[in-house]
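Take a look at the structure set out below.
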Amino acid sequence: MPDRMEELPGTSRSKIMVTPRQALAEAATYVESRIAGPPQVGVVLGSGLMHLATLLEASTKLSYAAIPHFPISHVKGHQGALYVGKLGTQSVACLAGRVHGYEGCAPERVVFGARLLAQLGCRVVLLTNAAGAVTRDFPQGTLMLITDHLNLTGSNPLIGWDEGCPQFVDMTDAYDHRLRRLAMKCAAQVSVELREGVYAGLSGPSYETPAEVRMLAQLGASAVGMSTVHETIALRDLGVRVLGLSCITNAAAGIEGCVLDHEHVQAIANSLGNKLESLFDCLVRRISEDT
C-alpha cells in the first residue's frame, strides 16, 4: 500500500502535502547535491555535545532549516545543523542536535534525521545523549555505553511507516555487540572509563518523579532520558548498526535530592568534552575495522 499523505511541519519552506518517504527522498537529494560523496558513519549529538561536530575535517555545514522537510529543534543546546566531513579516512555525517517527541513531533518526525543518515549511505550510526542516573552506581560525569534500552515512551516510529505491512524488527542486538566491544577497546586505548548500562527512554518533557525512578531501577535501567530509543528502532529497521553512548549529567529525582535543571545538564555534558573528544575520535577512525 502507498504511504499516507500528510502535512509535514518543521521546514523553512511553506507546508506541502507529501508522503513521509517522499519527504525523506527530497531531503537526501538536497544533501547529496552539496557533499562530495556518501558518508560511511553517522553521528547524532545530544544536549551539550554539539562541539564534537567541529572535529570533522573539511566539513560542509548545512542548516536544518535549509534541508527540505527537516524538523527543527527549539530546545536549548541543540544547534540544528548537519555536518559532513572526514575523520581520518572515514566520511562522517554528523547531526548537531535532534528533535524530541515532547516538542510536539510525531515519532516519524523524531527519527527523520536518523533515517536521513541511512538514506545518505551510513551503515553505522553513533547515537549520543545526556541522561540521568537511575542508581548511585553511575555518578555524575560517567560515560555509559548503552547495552540495551527500555522504550517507555508509549510510541514506536514503525507504526504506520509501512501501511498494511508492519515491520517486525528483531531488537535482540539493538546496540551492536561488536561495536560495543570496539568502544571498550577505544576507551582503554585513550584512558577513558566507560561503563555499560541500560537506557530507559521516556517521553518527557517533565523529569521523572522519585517513584518513577525507583520503578526504572526495578526494571533494570541504569539511566533515563528523552531520546535515542526511537532512533535506534528506526535504524535497526533499515539494517543500520547502532552504537549508543550516554553522558550521565545528573542523578535522577530522589537519588540525591537535587533540583533537576536543563542548564545543569548542558554544563556537565560540556565539561566531559576532552573525554568525549578522545573516545569519539578513536571510535570513528576505527569503525572500519568492524564493518
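The values are calculated or read from the model by the stated rules, or taken from the named source; none is laboratory data. If you're wondering where the values come from, they're calculated on a predicted model, not measured in any experiment. No Cβ is skipped: glycine too gets one built from the backbone with ideal geometry, and neighbour counts run over all protein chains shown.
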- request: Among the residues of the range 62-88, count how many are at pLDDT below 90 and polar (S, T, N, Q).
  value: 2
- prompt: Does Ala217 qualify as being over 19 Å from the mean Cα position of the chain (by Cα) and farther than 26 Å from Arg285 by Cβ?
  reply: yes
- prompt: Which one is nearest to the chain's Cα centre (by Cα) among residues in the range 108-164 that are more than 29 Å from Gln22 (Cβ to Cβ) and acidic (Asp, Glu)?
  reply: Asp148
- prompt: Taking the condition crowded, with 20+ Cβ neighbours inside 10 Å, farther than 17 Å from Arg236 by Cβ, modelled with pLDDT under 95 and not hydroxyl-bearing (Ser, Thr, Tyr), does Gly164 pass?
  reply: no
task: Answer yes or no: is there a residue in the range 186-196 that is closer than 13 Å to Ala133 by Cα, out of contact with any Asp or Glu (no Cβ under 6 Å at 6 or more places or on another chain) and either touching a residue at least 24 places away in the same chain (Cβ under 8 Å) or not basic (Lys, Arg) (or both).
output: yes
field: Qualifying residues in the range 198-237 (those that are of a type in the set (D, E, K, R) and closer than 13 Å to Ile255 by Cβ) - the one surrounded by the fewest Cβ atoms within 10 Å (Cβ to Cβ)
entry: Arg214
- request: Looking only at the range 170-180, decide whether some residue is in contact (Cβ under 8 Å) with a residue 40 or more places away in the chain and over 18 Å from the mean Cα position of the chain (by Cα).
  value: yes
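Okay, residues lined up against (1) out of contact with any Leu (no Cβ under 7 Å at 6 or more places or on another chain); (2) of a type outside the set (A, V, I, L, M):
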{"site": "Ser59", "(1), (2)": "yes, yes"}
{"site": "Pro71", "(1), (2)": "yes, yes"}
{"site": "Gln79", "(1), (2)": "yes, yes"}
{"site": "Leu95", "(1), (2)": "no, no"}
{"site": "Ala118", "(1), (2)": "no, no"}
{"site": "Gly132", "(1), (2)": "yes, yes"}
{"site": "Thr147", "(1), (2)": "yes, yes"}
{"site": "Leu158", "(1), (2)": "yes, no"}
- request: Please list, ordered by first then second residue, the pairs with beta carbon atoms under 7 Å, 6 or more apart or interchain, first in the range 127-145 and touching a residue at least 24 places away in the same chain (Cβ under 8 Å), second aromatic (Phe, Trp, Tyr) and assigned to a loop (DSSP other than H, G, I, E, B).
  value: Met144/Phe138
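A quick yes/no check of all residues on (1) at pLDDT below 95; (2) of a type in the set (Phe, Trp, Tyr); (3) over 23 Å from Leu179 (Cα atoms); (4) touching a strand residue (DSSP E or B) at 6+ places or on another chain (Cβ under 7 Å):
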residue: Met17; (1), (2), (3), (4): yes, no, yes, yes
residue: Leu45; (1), (2), (3), (4): yes, no, no, yes
residue: Thr60; (1), (2), (3), (4): no, no, yes, yes
residue: Glu108; (1), (2), (3), (4): yes, no, yes, no
residue: Phe112; (1), (2), (3), (4): no, yes, yes, no
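Rundown of residues vs (1) among the hydroxyl-bearing types (Ser, Thr, Tyr); (2) at pLDDT 95 or above; (3) over 23 Å from Asn274 (Cα atoms), yes/no style:
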position	(1), (2), (3)
Val190	no, no, no
Leu202	no, yes, yes
Tyr207	yes, no, yes
Gly225	no, yes, no
Arg236	no, yes, yes
Gly244	no, yes, no
Ala252	no, no, yes
- request: Give the residue, chosen from Gly46, Gly42, that is touching a residue at least 24 places away in the same chain (Cβ under 8 Å), touching a helix residue (DSSP H, G or I) at 6+ places or on another chain (Cβ under 7 Å), under 23 Å from Ile287 (Cα atoms) and not hydrophobic (A, V, I, L, M, F, W, C).
  value: Gly42
- request: Please specify each residue of the range 89-122 satisfying the condition of being under 20 Å from Gly48 (Cβ atoms), of a type outside the set (Val, Ile, Thr) and not in a helix (DSSP H, G or I).
  value: Cys94, Leu95, Ala96, Gly97, Arg98, His100
field: Pick from the range 93-141, criterion among the aromatic types (Phe, Trp, Tyr) and closer than 21 Å to Ala174 by Cβ, ranking: surrounded by the most Cβ atoms within 10 Å (Cβ to Cβ)
entry: Phe112
